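Peer 1: Take this structure first; my questions come after.
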C-alpha cells in the first residue's frame, strides 16, 4: 500500500496517451534516449534512467549465460504462442517471473542509465555470439534485433518529450 509520500504504481497495461514508436535499429533507440535527456514527462512507473538500465539488462542474457530459470510451461507458451507477436509488438503490463527480478531496475540517474544502455549496445554490436533467450530459446540475429527494438518501443512509449 502506498504511503502519503509514495504514489501508487501505475497499472501500465491501462495507460492511455503513450507514444507510437518504431525503431529500425539500436542507434535509433540511443538517439531517442539522448533526445529524452533534454526533458520528458512519464506516464508509467519508471524514469528514463530506469528504462534504459532495464533495456541494457535485457540484453545481458543474449551476451552471457543466464541464471534466469523460467518454468517449462512458461517457456513452452512463450516459444509456441508469444514469440511471433513479441517480434512485432510488446504489450505493456507484463509481470516478470520471480527468477527475473534482476531485470527490475533500481533507482538510477537518467544519464547513468542511458550511458549503461549505450555501453551495452556497443557490446551488442561488437560481440556476435548470442545465447538462447530465457523465454523464447534460440533466436536468429534478426529475431534478437526485433525483440530488442520492440522492447525499447514499448518502454520508451511511456515517456513524452518536453517541448523546447
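Peer 1: If you scan the stretch 131-164, which residues turn out to be over 27 Å from residue 75 (Cα atoms), surrounded by fewer than 17 Cβ atoms within 10 Å (Cβ to Cβ) and in contact (Cβ under 8 Å) with a residue 24 or more places away in the chain? Steps first, please.
Peer 2: In the first step, residues of the stretch 131-164 are kept if they are over 27 Å from residue 75 (Cα atoms); the result is 158-164.
Filter once more, keeping what is surrounded by fewer than 17 Cβ atoms within 10 Å (Cβ to Cβ): 160-164.
Within the stretch 131-164, 160, 161, 162, 164 qualify.
Peer 1: Looking at the stretch 1-28 only, could you name the residues that are outside any loop (DSSP other than H, G, I, E, B), surrounded by 10 or more Cβ atoms within 10 Å (Cβ to Cβ), out of contact with any helix residue (DSSP H, G or I) (no Cβ under 6 Å at 6 or more places or on another chain) and modelled with pLDDT of 80 or more?
Peer 2: 27, 28
Peer 1: Any residue in the stretch 21-50 that is within 13 Å of residue 153 (Cβ to Cβ) sitting within a Cβ distance under 6 Å of a residue that is outside any helix (DSSP H, G or I)? List the pairs, counting only those 6 or more apart or interchain.
Peer 2: Note: pairs meeting the criteria are 21/157; 29/23.
The values are calculated or read from the model by the stated rules, or taken from the named source; none is laboratory data. Keep in mind it's a predicted model, so treat the numbers as computed, not measured. Glycine gets a Cβ as well: all are built from the backbone with ideal geometry, and neighbour counts include every protein chain shown.
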